[in-house]
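Have a look at the structure below before the remarks.
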Amino acid sequence: MDPTNHWILPLITFLPLLGAALIMFVPKEKPSVIKALSILVSLVPLVISIWLWFAYKHGGAQFPNGVQFGIDVPWIPSLGVSFAMGVDGLSVPLIFLTALLTTLSLVYSTFIEVRPKEYFWMFLLLETGMFGVFTAMDFVLFFVFWEVSLVPMYFLIGIWGGPRREYAAIKFFLYTMVGSMAMLLSILAMYFHTTAAGGGHTFSMLAMAQQAMTNGDAVPLNIAALVFWGLFLGFAVKVPMFPFHTWLPDAHVEAPTAGSVILAGVLLKMGSYGFMRVLMPMMPGQFARFWWVIAIVSLIAIIYGAFVAMAQKDLKKLIAYSSVNHMGYVTLGCAVAASTVGTLATRSAALNGAQMQNFSHGLITGALFLLVGVVYERAHTRDLSAFGGLWAKVPVYAGMLAFCSFGSLGLPGMTGFIAELSVLTGTYAAAPILAGLALIGIVVTAAYMLWMLQRVLLGPLNPKWEKMPDADAREVISIAPLMALTLFFGIIPSAVMSFFGNASEAIIRVLHP
Amino acid sequence: MVMALGVFGYVAAIFHLMTHAFFKAQLFLGSGSVIHGTGTQDMREMGGLKKKMPWTYWTFLVATLSLCGIPFITAGGWSKEEILTVAFHTNKIVFWAGVLGAFTTSFYMFRLVYKTFHGEPNDHEIHAHESPKVMLVPLVILATLAIFAGYVGTPFKNMFEHSMMPVLGHHSEMILEKVLEEAQVSGGFNTPVFLIGTCAALLGIFLATLIWKWHVVKIEKLEPAFGWLAKIVENKYYIDELYQATIIRALMLIAALMFWFDKWVIDYVIVNGVGYLSLVVSVVWDWCDRNIVDGLVNLTGWITGTLGRGLRYIQTGVAQQYVFLLVVSIALMSVIAFCVAVIGNHSEVSWIPPITGFFH
C-alpha cells in the first residue's frame, strides 16, 4: 500500500491494451475464448482499482500540489511533453467506476455474436482510453487518451448499433471533435503561457494549475475569457450541457447496450471531470466570473431535460434524456462552488454533491441502460406503449427496473439523493431561486420515472409478451453489483464522499484564494 | 386533528391523533377482513355479514362508534369532545363545521355498517366466511383500545395533557389559555358542547337507521332532491378532473413543446443546420477548387501545352532552317543593339556589351 508507487497507474491504463493485443492472437473462430479472455483481462484493472481505492491516502495534499501514485518521465522533451500520471480524490472513484462498468459491460455483452473479436478488442481499447483520461497529468497525454476513447466508441456505435447507427456514430464523433478542437486551442494557449521550472513551456497540468493559483488564471487576462470558453466547449459537449446535448439521445439510442452503459457511465463523466480537473483549477478567475452562466445553463438542462424525457415514447431515449437532466446537477454543483456567495462549507457541499452525482449517475444510469437492453433483447422494441403489466410476468427484472428508477429519481437511501441534496444545499446558499427552480426538475423527474414504470410494469399485460422469460444469470450478475453499490453508498455516503471532500476544498481554495 | 391545531388545541390534536390511530386502523383492518371474507370490495354486493363474520362485525361496530364519537364509552368520544370544546371557545364557525362533520361521519359510517353487515346478502354468489384468528386478534386488540384509550384524556382528569407537557412545552398551552382567558371561559367539561356533539352523532346514526335499517325512508325517493349532490360527490368533487385538465395537461404540453423544440430547433435547425451548412460550404469549396484553384493549375498547363503546340512548328529538325533562323536572329539582335546604341548613345542596359568602342 504505497502511495508513491510509480508504476501502478501506467499498469492499470495499459493492461487493457495489452489484453486487446492478446485477443488479436486468438482466432476469431473461438469467440468463447475471446469473451472469457476479455473478461479476465478486465478483472485485473478492477482489482487494481479496488486496491487503489484502499491504498489512496485520504487527507493528503490534493491537486495541484499533491497527487498520489505519480509518475513523470520525459516523453517529447523538446516540446515540454512528459508522460505524467497521477490521481487524487477526483479521479480514484472514477477509475473504479470505469473498471467496474467495463467488466460488467463485458459480462453483459457475452451474448454478442456479430464479430465478437472486434467488439471485445474495441472495448478493451476503450478502457485504456478512459483510464488514461482519468490518470493523465500532462495535457498532451490527456488529449491523446481523450481522442483514443472516441475511436472505439465510434466503431461500437457504427458496427453494433441500431438502425440509424451510421448517423449516430458520425454525429457523436464530429460533435465531440468540435469540442476537442476548441479545447486543444485553449490548451495551446495555456501551454504558451506556462513555463516549466527549468525554463521552456510545458504541457504539465500541475504546472498550469499552479500558475493559475498565483495568477488567477493560467493565461493572461486579455485572452482568458476566450481560452475559458474554448475549454468549456470541449467539456460541455461531452457532459453534455444544454444546448450541446443532442448528439446524446442519438448516440445512446443507437449504441449497443454495453456501449450506452459506458457512454453514460464513463464518457459523460470525462466532461464533468474536465470541469473539475481543468476548468476550475486552471481558469479559476474566469470560472468565478462566469459561474452564473454555467448555473443557468445547468438549470435549463435540469428542467428542460426532465420535461423532454417525459415526452419520450422510446424507453432508451427516455433514459438518455434523463442523463441530460441528471448531469445538470453535476454542472450546477460546479458552478455554485465557484459562486461568490455562500461559505466554504456550502461551496464544498455543492462540489461534493457534483462529484457524488457524477459517481451515482454512473452506477444508476449504467444499470438502467443494461435494463433497457434486457427488455429490448426480448421484445425487440423499446416503444413504451407496447409494454405494460410486465411485473407479474418478469418479477426479477421488474424489481431491478423499479429499484434503479427509484434510485434515478433520487429516493433517499440511494446515492442520487445524497448527491442532489448536497448540490441543492450549496445552491440554496448561493441563490435560493436556483434551488427552487431545480426542484421543478426533481418533481418532473419523479413524474417521468414513475410514469415509465407504470407504462412498462403495471396495467394489463400485452399478450405479445406472454412468454417473456425473466432476467437470467448473466443479466443479474451484470446489474446487481451496481444496485448493491447504489444502496451501499446511499446509506454510507462517506465511504465515497471521503474522496471528494479534500479535492473539493482544494479546488475551492483555488477559486477563492 | 388539523382543525384542532388551527384553534390552538395542540393537546387535543395529538390526543385525537392517537385515538384516531386505533379506531381507524381497526376500520381498515376490519374492511380488509370483510374483503378477505367476501372476495369483493363493492359494498353493494355485501349485506347480512353480521351472522357470518361476527368477530369482524362487533369489532367494526365498536370502532365505528368510536369514530362517531359516542361519549363516555368510546375513546373517540373523549378526543372529539376535547376538540369541539376548544373550538367552541375559540371559533364558533369551526365549532359548527366540526358538528356538521360529526353528523355526516355518523351518517355515512352507519350506512356502511347497515349495508355491509345487516339485512340480507345481496349477491348469493358470495360465500362469506369469518377471517382466521391471525386477522381477528388485531381487530379485537384495536377495538379494545378504541374504547379504553380515551380514558387517559378525560376532561375530568386529563393525564394525557399532563404527559404531553414536556413535549409541547407550556408555551403552546399558554396560547390556548390566553385565548380562553380572553373569552372568559375555562377548558374542561362543557355541557352544551357535550350535548350538541352527542346529538349530532346520534342524529346521523338515527337518519342512517331510518334509511338503511328500517327502510322508513326510501332512498329512491331522495334521488330527485339530492341527485346533484350525489353526482358531485361520486366524482370526488371533480378534483381529479380539475388536476387532469390543468396541471397534468399543462405539464404534458410543456414536455411535448420542449421535445419539439429539442428535436426541431436545437437538433434539426442548429446541429443538423451546422452540418448541412458545412456540406454546402464543402460543395461550394469543391466548385471553387475544381474551377478556380484547379482551373489556374489547368490554365498553366493549357498555356504551356498551347505554347508547346505552337512552337512545335518551329522545331522541324531541318538544319538549314536552324542556320537560317540563327543568322536572322543575329542580324535582328545586331540591329536592335545598334538602334539602342544610336538612340540612347549611352547604354544603361548592362547586359548589352559596351559597343561604342566597336565602331571607333
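The values are calculated or read from the model by the stated rules, or taken from the named source; none is laboratory data. Small disclaimer: the values here were computed from a predicted structure and weren't measured. Neighbour counts run over all protein chains shown; Cβ positions are idealised from the backbone, glycine included. Remember, those area values only see protein heavy atoms, side chains included, never the ligands or the DNA or RNA. Shrake-Rupley method; radii C 1.70, N 1.55, O 1.52, S 1.80 Å.
Within segment A:414-428, being among the aliphatic types (A, V, I, L, M) and open to solvent by 40 Å² or more (accessible area, probe 1.4 Å) holds for one residue alone: A:Leu421.
Could you grab me the full set of residues in segment A:440-492 that are of a type in the set (Phe, Trp, Tyr) and within 14 Å of another protein chain (Cβ to nearest Cβ)? Residues satisfying the conditions are A:Tyr448, A:Trp451. Taking residues in segment A:300-329 that are without any contact (Cβ under 8 Å) to a residue 12 or more places away in the chain, and partners anywhere that are surrounded by fewer than 24 Cβ atoms within 10 Å (Cβ to Cβ) and among the aromatic types (Phe, Trp, Tyr), the pairs with Cβ atoms closer than 9 Å and at least 6 places apart or on different chains are A:Ala311/B:Phe259; A:Ala311/B:Trp260. Return a yes/no flag: does segment A:207-217 have any residue that is within 14 Å of another protein chain (Cβ to nearest Cβ), open to solvent by 10 Å² or more (accessible area, probe 1.4 Å) and part of a helix (DSSP H, G or I). Looking for residues that are within 14 Å of another protein chain (Cβ to nearest Cβ), open to solvent by 10 Å² or more (accessible area, probe 1.4 Å) and part of a helix (DSSP H, G or I), one finds none in segment A:207-217, hence no. Here the condition is being open to solvent by 20 Å² or more (accessible area, probe 1.4 Å), in contact with a helix residue (DSSP H, G or I) (Cβ under 8 Å, 6 or more places away or on another chain) and closer than 30 Å to A:Val107 by Cα; of A:Leu485, A:Leu439, it holds for A:Leu485 alone.
A quick yes/no check of all residues on (1) at pLDDT below 90; (2) within 17 Å of the chain's Cα centre (by Cα):
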{"residue": "A:Phe145", "(1), (2)": "no, yes"}
{"residue": "A:Met153", "(1), (2)": "no, yes"}
{"residue": "A:Trp160", "(1), (2)": "no, no"}
{"residue": "A:Arg164", "(1), (2)": "yes, no"}
{"residue": "A:Ala169", "(1), (2)": "no, no"}
{"residue": "A:Met181", "(1), (2)": "no, no"}
{"residue": "A:Thr195", "(1), (2)": "yes, no"}
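The residue list A:Thr246, A:Thr257 contains one member that is among the hydroxyl-bearing types (Ser, Thr, Tyr), within 14 Å of chain B (Cβ to nearest Cβ) and farther than 18 Å from A:Met356 by Cα, which is A:Thr246. Quick check, is A:Ser78 open to solvent by 10 Å² or more (accessible area, probe 1.4 Å) and either free of Cβ contacts under 8 Å to residues at least 24 places away in the same chain or of a type in the set (A, V, I, L, M) (or both)? Answer is yes for this residue. Looking across segment B:222-267, the residues that are of a type in the set (Phe, Trp, Tyr) and facing another protein chain (nearest Cβ under 9 Å) come down to B:Phe259, B:Trp260, B:Phe261.
Residues are listed down the side, and each one gets a yes or a no for (1) within 14 Å of chain B (Cβ to nearest Cβ); (2) within 22 Å of A:His512 (Cβ to Cβ); (3) crowded, with 20+ Cβ neighbours inside 10 Å:
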position	(1), (2), (3)
A:Gly285	no, yes, yes
A:Met310	yes, no, yes
A:Asn325	yes, no, yes
A:Gly333	no, yes, yes
A:Thr343	no, yes, no
A:Leu368	no, no, yes
A:Ala392	no, no, no
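Restricting A:Ala251, A:Ala197 to residues that are in the same structural domain as A:Leu150 (by TED's automatic domain parsing) and touching a helix residue (DSSP H, G or I) at 6+ places or on another chain (Cβ under 9 Å) narrows the list to A:Ala197. List the pairs whose first member sits in segment A:347-359 and is within 16 Å of A:Gly410 (Cβ to Cβ), whose second member is open to solvent by 10 Å² or more (accessible area, probe 1.4 Å) and charged (D, E, K, R), and whose Cβ atoms are under 9 Å apart, counting only residues at least 6 apart or on separate chains? Matching pairs, first to second residue: A:Gly353/A:Glu420; A:Met356/A:Glu420; A:Gln357/A:Glu420. If you go through segment B:64-83 and pick out every residue that is over 14 Å from B:Met109 (Cβ atoms) and at pLDDT 85 or above, you end up with 0.
For segment B:283-294, the count of residues that are within 25 Å of A:Pro243 (Cα to Cα) and either of a type in the set (Phe, Trp, Tyr) or within 14 Å of chain A (Cβ to nearest Cβ) (or both) is zero.
Would you pick out the residues in segment A:231-242 that are part of a helix (DSSP H, G or I) and open to solvent by 10 Å² or more (accessible area, probe 1.4 Å)? Full working, then the answer.
Going through segment A:231-242, the residues part of a helix (DSSP H, G or I) turn out to be A:231-238.
Once the filter is applied, which keeps residues that are part of a helix (DSSP H, G or I) and open to solvent by 10 Å² or more (accessible area, probe 1.4 Å), segment A:231-242 yields A:Phe232, A:Leu233.
One residue alone among A:Leu384, A:Leu411 is surrounded by fewer than 24 Cβ atoms within 10 Å (Cβ to Cβ), without any contact (Cβ under 8 Å) to a residue 24 or more places away in the chain and out of contact with any Pro (no Cβ under 7 Å at 6 or more places or on another chain), and that residue is A:Leu411. From the list B:Lys263, B:Lys236, B:Lys221, B:Lys213, the lone residue that is among the basic types (Lys, Arg) and closer than 20 Å to A:Pro249 by Cβ is B:Lys263. Being of a type outside the set (Asp, Glu) and in contact with a Ser or Thr (Cβ under 7 Å, 6 or more places away or on another chain) is the filter; apply it to segment B:253-278 and report the residue that is farthest from A:Tyr175 (Cα to Cα). The residue in question is B:Ile266. For A:Ser298, the criteria (1) open to solvent by 10 Å² or more (accessible area, probe 1.4 Å); (2) assigned by TED's automatic domain parsing to the domain that holds A:Ala320 hold in every case but one, which is (1). Go through segment B:122-161 and count every residue that is farther than 18 Å from B:Gly76 by Cβ and in a helix (DSSP H, G or I). Number of matching residues: 6. Residues considered: B:Leu61, B:Leu136, B:Leu145. Of these, the only one that is out of contact with any Phe, Trp or Tyr (no Cβ under 7 Å at 6 or more places or on another chain), surrounded by fewer than 24 Cβ atoms within 10 Å (Cβ to Cβ), modelled with pLDDT of 85 or more and not hydroxyl-bearing (Ser, Thr, Tyr) is B:Leu61.
Against the conditions (1) of a type outside the set (S, T, N, Q); (2) surrounded by fewer than 24 Cβ atoms within 10 Å (Cβ to Cβ); (3) not in a helix (DSSP H, G or I), A:Met85 satisfies every one except (2).
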